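The structure appears below as structure tokens.
The values are calculated or read from the model by the stated rules, or taken from the named source; none is laboratory data. The shown structure was predicted, so the numbers you read here are calculated from the model rather than taken from an experiment. Counting neighbours? That spans all protein chains shown, and the Cβs are built from the backbone with ideal geometry, glycine included. Only protein heavy atoms, including side chains, enter the accessible area calculation; ligands, DNA and RNA are left aside. Shrake-Rupley method; radii C 1.70, N 1.55, O 1.52, S 1.80 Å.
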Amino acid sequence: MTAPTDREHQELLRLTDATAALDQARSIVGDGTPKSGDQRLLALAYCMLTFGEMLKQASHGTVTQAYSGPIALRDKLAHVPHRKLNAEVLAASVEQATTEILPLIQARVQDLSHTGA
């Protein structure tokens, strides 16, 4: 086992935070897609913004194709008025992140954990 670099340690922390944000988003959507004006919609938007931000930070400026969707969503969520949030788009993004991106994150976390990060 080799000693982790500071960069690897930071990446592991960001990916762990991204996973936690996605888990929270999944919990919100699991109770049904929030309606416009529902506080759960704001919470869902914040979770997905955090998810994208943590992936952006984990990628160290080199955006991989796998992370490009959540990062683009993060960029939009950072600038959209709350009254224009689209619950269906957010719910679909959670589903897509769960099936397509979460396995990649989990594999990377496992790789980083084996380096001792």
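Scoring Leu73 on the criteria (1) within 30 Å of Glu8 (Cα to Cα); (2) out of contact with any Ser or Thr (no Cβ under 6 Å at 6 or more places or on another chain); (3) of a type in the set (A, V, I, L, M) leaves a single failure, condition (2).
Against the test of being aliphatic (A, V, I, L, M), in a helix (DSSP H, G or I) and loosely packed, with under 13 Cβ neighbours inside 10 Å, the options Ala97, Ala91, Ala107, Ala66 yield a single qualifying residue, Ala107. The residues on offer are Thr33, Thr16, and the sole one that is open to solvent by 40 Å² or more (accessible area, probe 1.4 Å), in contact (Cβ under 8 Å) with a residue 40 or more places away in the chain, polar (S, T, N, Q) and more than 18 Å from Leu112 (Cβ to Cβ) is Thr33.
Across region 48-61, the number of residues qualifying as open to solvent by less than 10 Å² (accessible area, probe 1.4 Å), aliphatic (A, V, I, L, M) and either touching a residue at least 60 places away in the same chain (Cβ under 8 Å) or under 17 Å from Pro103 (Cβ atoms) (or both) comes to 2.
The single condition from (1) at pLDDT 90 or above; (2) polar (S, T, N, Q); (3) under 22 Å from His114 (Cα atoms) that Ser68 fails is (3).
Per this entry, Ala45 is not counted among residues that are over 17 Å from Leu85 (Cα atoms), open to solvent by less than 70 Å² (accessible area, probe 1.4 Å) and small (Gly, Ala, Ser).
Figure legend. Inter-residue proximity from region 76-89: first residues within 13 Å of Glu53 (Cα to Cα), second residues open to solvent by 80 Å² or more (accessible area, probe 1.4 Å), beta-carbon distance below 9 Å, spacing 6+ or different chains. Indicated pairs: Leu77/Tyr46. Tallying residues that are assigned to a loop (DSSP other than H, G, I, E, B) and over 16 Å from the mean Cα position of the chain (by Cα) within region 28-61 yields 8.
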